[in-house]
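First up is the structure itself, then whatever we jot down about it.
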Amino acid sequence: QVQLVESGGGLVQAGGSLRLSCAASGRTTSSYVMGWFRQAPGKEREFVAAISWNGIITNYADSVKGRFTISREKYKNTVYLQMNSLKPEDTAVYYCAAGPSLGEKEAYYPYWGKGTLVTVSS
C-alpha cells in the first residue's frame, strides 16, 4: 500500500510563490513516477507536472511551463512543486499521485493523496 500526504497549500496573492510537498510512504515508492494534478472549482482534474523515479525526466502542462518546477528528494520519498508567478487561474485543489509510468493521464497513477487547496487572489 502507498500513502501520499500533501502539504503547503494556502492563500497567496497573484505573482507570489508557494511550494507544495508530498510525502510518500509504503512499498517501493522511491521507484515510482510522481505527479501533480489539480482540480479547479467546477472543472475536471488536470495534469500539472510529473517526474521520473530518478528525477531525470520531468514533464509539465503548457499552462505552468516556466513557472512551476517539480523535484524530488529520493531518500526522503518526498516530491515538491515549486510554484512561482502564481495567477488566479492556478486556484485549485492540488493532488499528488504516484504510479509506475510517466504520463499525463490519471489512469497512469493508481495512488493519490487527498489534496491541498491553493487559492490565488487577484
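Condition check for SER25 on (1) of a type in the set (Gly, Ala, Ser); (2) touching a Lys or Arg at 6+ places or on another chain (Cβ under 6 Å); (3) at pLDDT below 95: one failure, at (2). In this structure, is SER25 surrounded by fewer than 13 Cβ atoms within 10 Å (Cβ to Cβ) and touching a Phe, Trp or Tyr at 6+ places or on another chain (Cβ under 9 Å)? No. Would you confirm whether any residue within the stretch 4-19 is more than 18 Å from VAL118 (Cβ to Cβ) and either modelled with pLDDT under 95 or hydrophobic (A, V, I, L, M, F, W, C) (or both)? Within the stretch 4-19, none of the residues are more than 18 Å from VAL118 (Cβ to Cβ) and either modelled with pLDDT under 95 or hydrophobic (A, V, I, L, M, F, W, C) (or both). Evaluate the stretch 83-100: report whether one residue or more is closer than 29 Å to SER122 by Cβ, polar (S, T, N, Q) and exposed (fewer than 14 other Cβ atoms within 10 Å of the Cβ). Yes, the conditions are met somewhere in the stretch 83-100. Is it true that some residue in the stretch 110-122 is in a loop (DSSP other than H, G, I, E, B), touching a helix residue (DSSP H, G or I) at 6+ places or on another chain (Cβ under 7 Å) and polar (S, T, N, Q)? Yes, some residue in the stretch 110-122 is in a loop (DSSP other than H, G, I, E, B), touching a helix residue (DSSP H, G or I) at 6+ places or on another chain (Cβ under 7 Å) and polar (S, T, N, Q).
Summed over the stretch 28-52, residues that are at pLDDT below 95 and among the aromatic types (Phe, Trp, Tyr) total 1.
The values are calculated or read from the model by the stated rules, or taken from the named source; none is laboratory data. From a predicted model like this one, the values you see are computed outputs, not experimental measurements. Backbone-built Cβ (ideal geometry, glycine too); neighbour counts: all protein chains shown.
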